[in-house]
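The values are calculated or read from the model by the stated rules, or taken from the named source; none is laboratory data. For clarity, every value in this text was computed on a predicted model and none was experimentally measured. Positions of Cβ are backbone-derived with ideal geometry, glycine not excepted, and every protein chain shown enters the neighbour counts.
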Amino acid sequence: MDTGGGKSLRIKIALIILSSLFFHLEIFADSNSESWLVDLSTCEHQVEFELRGFPDVISVFGSVKKKQESILKGQLEIANGSLSGAVEIGLETTETGIAKQDLLMKKNYLETDKWKTARFTVSKVTIPGTFSPSQFSAKTFTFEGILLLHGATRKVSGTADLQTEDQIISLRFLFDTDMTDYGIALPQYFGMKLDGNVQVTAGIKGKLQRSPNKNEPMP
Amino acid sequence: MNPCLRKFASLLLFLGCFQLHGYPEMVRHGYLSCTACHFNANGGGILTPFGRAISGDVLSTWSSEGETKFLYGVSPPEWLNLGGDLRTVQIYQKNAAFTKGRFILMQADLEAAAQLEKWTLVASLGVQQVPEKGMDPFEVLSRRFYLSYRPAPQWIVQAGKFNQAFGINTPDHVISTKRGLGWDEGTETLNLQGVLLNKHFDTFLTLNFGRPDDASLDLEKGIALRGRYYAGKRARVGASYFFGGNGQFSRHVYGPFAEIGFAKEIVLLLEIDLQNKHPVNQLSQFGGVNYAKLDYEWLQGLHTYVTQEYVKLDFNDPNSLSYSFGIGAQFFPRPHLEINASWQKRKKISVSNDFEDFAWVMLHFYL
C-alpha cells in the first residue's frame with residue numbers, strides 16, 4: 001500500500017536525479033557545446049627557436065621578444081573538442097642575445113624588412129578528453145598547422161600541451177621545420193654552417209572568453 | 001740560452017706571439033663542440049675563422065670590424081690560419097713561513113694551421129720561462145704539433161703532440177683536476193686520437209704514447225676515453241676514464257664532469273675525479289679531486305667568478321688533503337686581450353694547518 005510519505009520520498013529522489021542530470025548537462029554544455037575564444041593580443045607569450053650546426057655543433061637559439069605592444073595578433077577558438085585559429089607573429093624583435101648574429105639573421109636570412117611577420121594557422125587539433133575552461137590538462141597531443149614564413153607556406157605538425165584553470169589557458173606548441181623549405185638560405189658565418197632544421201616552441205597564456213552563441217536569437 | 005735563441009725569444013715577445021686556450025665557459029652561448037672555434041678537436045690553440053670572429057662578437061666587450069684578424073688585419077691565404085699567444089702571470093703567495101711574488105712569462109708562441117682538403121697540419125713554436133732554471137730560464141719549445149684527418153664530417157683522427165682529452169679542458173692548468181692529477185702544463189704527450197662527433201654528443205679516444213723522445217720526463221703512457229653529451233642548448237655533461245702509468249706507478253683515473261650554462265650570463269664548471277694509484281713497491285692509494293667554478297658575466301666580456309678545489313689523493317692519509325676557495329675577475333676588453341685575476345685562500349695539510357693566500361694576475365695577448 002502506497003503512503004503519502006512514500007510518494008513524497010519518490011518525488012524527492014526524482015528531483016535529486018533530475019537536478020543531478022541537469023548539473024551534468026550544465027557541465028557538458030559548459031565544456032563541449034560552447035565555444036571559447038583566446039584573444040592573442042592580450043596573452044602572455046613565449047616564442048622560442050633553436051637551430052644547430054653540424055658537425056661543428058653550435059646551438060643558435062633565441063626568442064621573439066615582447067615589445068610594448070603584443071607581437072601576436074589573432075585569436076584561437078576551442079569548440080566541440082577542437083582548436084582552431086591563426087596567430088600572426090611579428091619577427092622584427094627576434095633576438096638571440098648576440099647583436100651581430102641578430103643583425104645577420106634578420107637582414108640576410110629572415111629578411112624582416114620584406115617579411116615582417118610569420119603566420120601560423122592551426123588546421124587540425126583534436127583535444128583529447130573533455131575540455132573544461134575551469135580545470136583541464138592534456139599533454140603532448142598532436143596538431144597540424146600551416147606556417148607562412150618568408151613568403152612561403154608549408155604544412156607543419158608537432159605536439160601541443162594545453163592546460164586550463166579558472167578560465168586561464170596555457171597552450172604550448174612544439175614543432176620542427178626546415179628553413180630551406182621557405183626559401184631561407186642556410187645560415188653560415190665564417191665557415192660555420194647551421195643546419196636548416198629549426199625547432200620552434202610557441203607558448204601563450206591568457207584568458208578564455210565565452211564565444212558569442214551564434215544560434216542565440218538577436219535581441 | 002744562447003744569444004740567438006734569446007733574440008728569437010725577444011722577437012716572439014715583441015710580436016706578442018700566443019696560443020689561445022679554450023674557454024669551456026663559452027658553452028653558455030651554445031658553442032657545444034670545441035671544433036667550432038678551434039682546430040684542435042679538444043679545444044684550445046689556434047682559432048678557426050669562426051672562433052676568431054666570435055672573439056669579437058661574443059667574447060669581448062668592444063670590437064670593431066676586422067679587429068679580430070691575425071695581427072689586427074693580416075689576412076693569410078684561405079688554407080692558412082695563423083695565431084699565437086703571449087701570456088704572463090704575476091703571482092703572490094703569503095703564508096706563515098714566507099711572502100713572495102714572482103713574475104713569469106708563461107707562454108710566447110706562434111701557431112699555424114695549414115689545411116688541404118681533409119687534412120690539417122697544426123704546429124706551434126715558442127718560448128717559455130722556467131724560473132727553476134735560474135740564470136738562463138728561457139726555453140724554446142713546440143707545445144703542440146699534430147696532423148689531423150677528417151675522412152667524414154663526424155670523424156676526426158689526430159696524431160701528434162697535444163694534451164689528451166680528459167675532463168674539462170680549461171687553460172687554468174694549476175687547478176686540482178689538472179696539476180692535482182699530474183696533468184700540469186708541459187705534460188703534452190705524443191698521442192693518436194680518434195674523435196666521433198654527433199649533433200648531441202662527442203667521444204674522444206686517445207692512445208697516449210708518453211714522450212719517447214725525452215725519457216727524462218718519464219711522462220705517462222696510457223689510454224683515455226671521454227664522452228660528452230650536449231644536454232640542451234647550453235650544457236655538456238660527460239665522463240672520462242684514463243688508465244696509464246710510467247716507471248713509478250700505474251693508475252686508473254675516472255670521473256664525471258659538467259659544463260652548464262644556466263643562462264647566457266651564468267655558467268658552472270664542475271669536475272670530480274677519483275684515482276686508484278698503484279706505486280711500484282708501495283701500497284696502493286685511492287683518492288679524489290674536484291674542481292668547481294661558477295662564473296657570472298656582468299656585461300659582455302666582464303666576468304667575476306668563484307672557485308672551489310679539493311684534493312685528497314689518498315683517502316687514508318689525512319696529510320694528502322688540500323683545498324681552496326677563491327674569487328676572481330676576468331676581462332676581455334677588446335679582441336686579442338684578456339686580463340684574469342684570482343685570489344685564493346688555500347690550505348695544504350702536509351705543509352700547514354693554516355690557510356695561505358695565493359693570488360695571481362694573468363695578462364694574455366692573443367694575436
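Number of residues in the range A:121-142 that are at negative phi and either part of a strand (DSSP E or B) or free of Cβ contacts under 8 Å to residues at least 12 places away in the same chain (or both) equals 12.
Within the range A:162-171, is even one residue among the β-branched types (Val, Ile, Thr), within 14 Å of another protein chain (Cβ to nearest Cβ) and surrounded by 17 or more Cβ atoms within 10 Å (Cβ to Cβ)? Show your work before the answer.
Initially, the range A:162-171 is screened for residues among the β-branched types (Val, Ile, Thr), giving A:164, A:168-169.
If we keep only those that are within 14 Å of another protein chain (Cβ to nearest Cβ) as well, we get none.
No - not one qualifying residue is present in the range A:162-171.
Selection within the range B:239-266: residues that are within 14 Å of chain A (Cβ to nearest Cβ) and either surrounded by 17 or more Cβ atoms within 10 Å (Cβ to Cβ) or closer than 25 Å to B:Pro212 by Cα (or both). The member of this set that is modelled with the lowest pLDDT is B:Lys264. Among the residues of the range B:202-211, some residue qualifies, meaning at least one is within 14 Å of chain A (Cβ to nearest Cβ), in contact with a Cys (Cβ under 9 Å, 6 or more places away or on another chain), within 23 Å of B:Ala292 (Cα to Cα) and buried (at least 16 other Cβ atoms within 10 Å of the Cβ).
So, B:Thr99, is that one surrounded by fewer than 15 Cβ atoms within 10 Å (Cβ to Cβ), β-branched (Val, Ile, Thr) and either touching a Phe, Trp or Tyr at 6+ places or on another chain (Cβ under 9 Å) or away from chain A (no Cβ under 14 Å) (or both) or not?
Working: surrounded by fewer than 15 Cβ atoms within 10 Å (Cβ to Cβ): yes; β-branched (Val, Ile, Thr): yes; either touching a Phe, Trp or Tyr at 6+ places or on another chain (Cβ under 9 Å) or away from chain A (no Cβ under 14 Å) (or both): yes.
Yes.
Of the residues B:Leu367, B:Leu269, B:Leu321, the single one that is buried (at least 18 other Cβ atoms within 10 Å of the Cβ), touching a Lys or Arg at 6+ places or on another chain (Cβ under 7 Å) and among the aliphatic types (A, V, I, L, M) is B:Leu269.
Filter the range B:56-69 for residues that are farther than 19 Å from B:Asp172 by Cα and touching a residue at least 24 places away in the same chain (Cβ under 8 Å); which is nearest to the other protein chains (Cβ to nearest Cβ)? Spell out how you get there, then give the answer.
Narrowing the range B:56-69 to residues farther than 19 Å from B:Asp172 by Cα: B:56-58, B:60-69.
Filter again for touching a residue at least 24 places away in the same chain (Cβ under 8 Å), leaving B:56, B:58, B:60-63, B:67-68.
Working: B:Gly56: 8, B:Val58: 6, B:Ser60: 12, B:Thr61: 12, B:Trp62: 12, B:Ser63: 9, B:Glu67: 13, B:Thr68: 10 Å.
Result: B:Val58.
Across the range B:127-159, the qualifying residues are those that are aliphatic (A, V, I, L, M) and farther than 19 Å from B:Ala36 by Cα, and the one among them that is farthest from the other protein chains (Cβ to nearest Cβ) is B:Met135. Screening the range B:72-181 for strands (runs of 3 or more DSSP E) wholly inside it with 2 or more residues that are free of Cβ contacts under 8 Å to residues at least 60 places away in the same chain returns the ranges B:80-94, B:99-116, B:119-129, B:145-152, B:155-162.
Taken over the range B:272-283, the criterion of being in contact (Cβ under 8 Å) with a residue 24 or more places away in the chain, surrounded by fewer than 18 Cβ atoms within 10 Å (Cβ to Cβ) and either within 14 Å of chain A (Cβ to nearest Cβ) or not polar (S, T, N, Q) (or both) is satisfied by B:His278, B:Pro279, B:Val280.
In the range A:168-192, what residues are within 23 Å of A:Gly151 (Cβ to Cβ) and either part of a strand (DSSP E or B) or in contact (Cβ under 8 Å) with a residue 40 or more places away in the chain (or both)? So that I can check it myself, show each step before the final result.
Within the range A:168-192, the subset within 23 Å of A:Gly151 (Cβ to Cβ) is A:173, A:175-188.
Hits for the range A:168-192 are A:Phe173, A:Phe175, A:Asp176, A:Thr177, A:Asp178, A:Met179, A:Ile184, A:Ala185, A:Pro187, A:Gln188.
Checking the range B:179-200 against the condition returns no match, with no residue being basic (Lys, Arg) and either touching a Pro at 6+ places or on another chain (Cβ under 7 Å) or within 25 Å of B:Ala123 (Cβ to Cβ) (or both). Only one entry of B:Gly210, B:Gly247, B:Gly232 meets the criterion of being farther than 16 Å from B:Gln193 by Cβ and touching a residue at least 24 places away in the same chain (Cβ under 8 Å), and that entry is B:Gly247. Please work out if A:Ile146 is under 30 Å from B:Glu297 (Cβ atoms) and either in contact with a Ser or Thr (Cβ under 9 Å, 6 or more places away or on another chain) or of a type in the set (Ser, Thr, Tyr) (or both). Taking the combined requirement at face value, the residue does not satisfy it.
Elements of the type strands (runs of 3 or more DSSP E) sitting completely within the range A:41-111 and holding at least 2 residues that are in contact (Cβ under 8 Å) with a residue 40 or more places away in the chain, of a type in the set (A, V, I, L, M) and surrounded by 15 or more Cβ atoms within 10 Å (Cβ to Cβ): these cover A:44-53, A:75-79, A:82-90. Scanning the range B:292-312 for residues that are surrounded by 19 or more Cβ atoms within 10 Å (Cβ to Cβ) and either under 21 Å from B:Asp354 (Cα atoms) or over 18 Å from the mean Cα position of the chain (by Cα) (or both) gives B:Glu297, B:Gln300, B:Gly301, B:His303, B:Thr307, B:Glu309, B:Val311, B:Lys312.
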